[in-house]
Amino acid sequence: MTDRKSSENRMNRVLIVDDELEYCLSMKDLFEESGYFCSHSTEPESVIGLLTSGDIDIILLDLKMPGISGIDLLKRIRIYDSRIPVIIVSGHIDIETTVQAMQIGAMNVLKKPVRFSRMLKEISGILNTGERPAVSNGNPVPGSPIICSHKGMLEIISSLKKVAETNAPVLITGESGTGKELIADEIHRLSRRSDKNFVKLNCASLPEPLLESELFGHRKGAFTGADKDRPGRFNLAHGGSMFLDEMGDMSLMIQAKLLRVLQDRQITALGEDEAKSVDVRIIAATNKDLHAMMKAGSFREDLYYRLSVVHFELPPLRERKEDILLLAEAFREEACREYGRGIIGFEAEVEDLLRSHMWPGNIRELKNCIQRSVIFCENERIAKGDLPSQYQDIQSLNWSDEYELAIDNINRELIEEALRKSRGRKSRAAELLNIDRKTLYNKMKKLNIGE
């Protein structure tokens, strides 16, 4: 997208998306008389292609169109480019649609017929002030694959660039499938080291002797089978970054060596006496409770504080209800491209089911669900029968039913996690679980948690 500061040097470009050709042509004449360049499309499916081939400053979007609705198209536009302003202009406006459109990222919702002078004032205000859709929808970082509208995730993402510009170690915690590696990728992409190697290693996948060799390298003859010198991952990452996934599975011996790297920026290969200097930015991640491990003596406290100069704790998907459909749309688009399918969206019943599920496998589980559904869907929209069997039994819920189900699904693990996050404050733990204190006390008593 062209920098808006340069808009004075060329005509601003408006794209009208409406299935009424006469409306498009009359609006095009009015805009061009007012000094705008205006293009139009009566085929909503072609809009993303138009965005890739042309420089569009603002979109005027109808709601009721054949093939794909304006709301579904707005979701696609937000995923493709979260920065481009969109104004909904339609004769079919109600409160529910208005709220939905604004939540997805529309700048305004205008009901036809709209006085052209008002529309011109609206567009001029947006383009001249540089106002953009709130980054709470779609991709909040330009060029980033991260899609969210959850407040906690947005706070994390908004700080990524500032963190990335430093060399500080970063610790990313959260349940499996919450996107820890994606955050690590963004930190490296936004950093000054982005043109250097980004080396990744899953610490849980290797036994201790092999993990030590993978990290620090070895000399020929250092152990049985070491028939040649081998550089470690730290050598390969020199000048760049390293992502240590599941680092909570490291032994205390490996932890001690890693601590030395953080303190002295030096490594010693197996079978070698002399240390070698390395310049590597470490980004670590784990789904383990490191505080509990430190209390148990299985994780070094000094290493924890060295690693967690910056600490991001990613919320599980069950706490990000507003992100479920945004992510589902993105995964549907991705799967359609990969498998050559033309599926345009989800049936309303499926959207309700996706919102109702607790997603214990988090984003990874949701992605797998959508990919499988795209493969087996034979219509334009994914229906309940296209979902994997384990999701077809989920009942479509209203808000009160969903709240009751959430309470029923609050188990020991969730309560203990909430108490840990709140440092034992039950009132705060109840807020995190979105239940009242009395309900929390009753659940704790039932599960024999605490005294």
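Within the chain, what whole-number % of the accessible surface is contributed by carbon and sulfur, with the 1.4 Å probe and all protein chains included in the calculation?
Numbers: 10830 of 22480 Å².
Looking at the chain in its full context, I get 48 percent from C and S.
Global size of the chain: 26.1, 82 Å for Rg and Dmax (C-alpha atoms, Rg to one decimal, Dmax whole).
Nearest-5 percent of antiparallel DSSP beta bridges in the chain?
Values: 3 of 39 bridges.
Around 10 percent of the beta bridges assigned by DSSP in the chain are antiparallel ones.
With a cap of 13 neighbouring Cβ atoms within 10 Å, and only residues DSSP puts in a loop, list the GluC sites (Glu not before Pro) found in region 165-270.
On the way: sites: Glu165, Glu175, Glu181, Glu186, Glu212, Glu214, Glu246; in loops: Glu165, Glu175, Glu246.
Answer by residue number: Glu165.
Between Glu33 and Asp55, how high is the FRET efficiency from 1/(1 + (r/R0)^6) when r is the Cβ-Cβ distance and R₀ = 30 Å? Nearest 0.05.
Working from the Cβ atoms, E equals 0.90.
When only the Cβ of Lys, Arg, Asp and Glu is charged (+1, +1, -1, -1), the dipole of region 203-309 relative to its Cα centre reaches about 160 debye.
Ranking Val86, Ile343, Ser298 by Cα position along the charge dipole of the chain, where only Lys, Arg, Asp and Glu carry charges on their C-beta atoms, puts Ser298 farthest toward the positive end. Straight-distance candidates among the lysines for linking to Lys162, with alpha-carbon spacing under 20 Å and chain neighbours fewer than 8 residues away dropped: Lys151, Lys180, Lys196. A 1.4 Å probe run over the chain, with the rest of the protein chains in place, finds 50 Å² accessible per residue. Basic side chains Lys and Arg get +1 at the Cβ, acidic Asp and Glu get -1 at the Cβ, and with that the dipole of the chain about its Cα centre reaches some 1660 debye. For the chain, the relative contact order comes to 11 percent (Cα pairs under 8 Å, sequence separation of at least 6).
Sorted largest first by accessible area at a 1.4 angstrom probe radius, with every protein chain in place, the residues Thr42, Thr97 fall in the order Thr42, Thr97. Dipole orientation for the chain: of the candidates Gln390, Pro316, Gln255, Gln255 has the Cα lying most toward the positive pole (charges on Cβ; Lys, Arg +1; Asp, Glu -1). Taking a Cβ cut-off of under 11 Å around Gly239, the surrounding Lys, Arg, Asp and Glu residues balance to a net charge of +2, with basic ones at +1 and acidic ones at -1. For the residues Phe37, Phe299, a 1.4 Å probe over the protein chains yields an accessible-area ranking, largest first, of Phe37, Phe299. Each peptide among 187-196, 371-380 gets the average number of other Cβ atoms lying within 10 Å of its residues, and from highest to lowest they stand as 187-196, 371-380.
Evaluate E = 1/(1 + (r/R0)^6) for Glu378 and Ala348, where r is the Cβ-Cβ distance and R0 equals 25 Å; express this FRET efficiency to the nearest 0.05. Computed FRET efficiency for Glu378 and Ala348 comes out at 0.85. Within the same chain, lysines fewer than 8 places from Lys64 are excluded, and of the rest, those with a Cα less than 28 Å from its Cα are Lys28, Lys75, Lys111, Lys112, Lys121, Lys321, Lys384.
A convex hull fitted to the Cα coordinates of region 146-214 yields 110 cubic angstrom per residue.
The values are calculated or read from the model by the stated rules, or taken from the named source; none is laboratory data. Remember, predicted model here, so these are calculated numbers, not experimental data. Glycine also receives a Cβ, built like all others from the backbone with ideal geometry; neighbour counts cover every protein chain displayed. Ligands, DNA and RNA are excluded from the accessible area calculation, which covers all protein heavy atoms including side chains. Shrake-Rupley method; radii C 1.70, N 1.55, O 1.52, S 1.80 Å.
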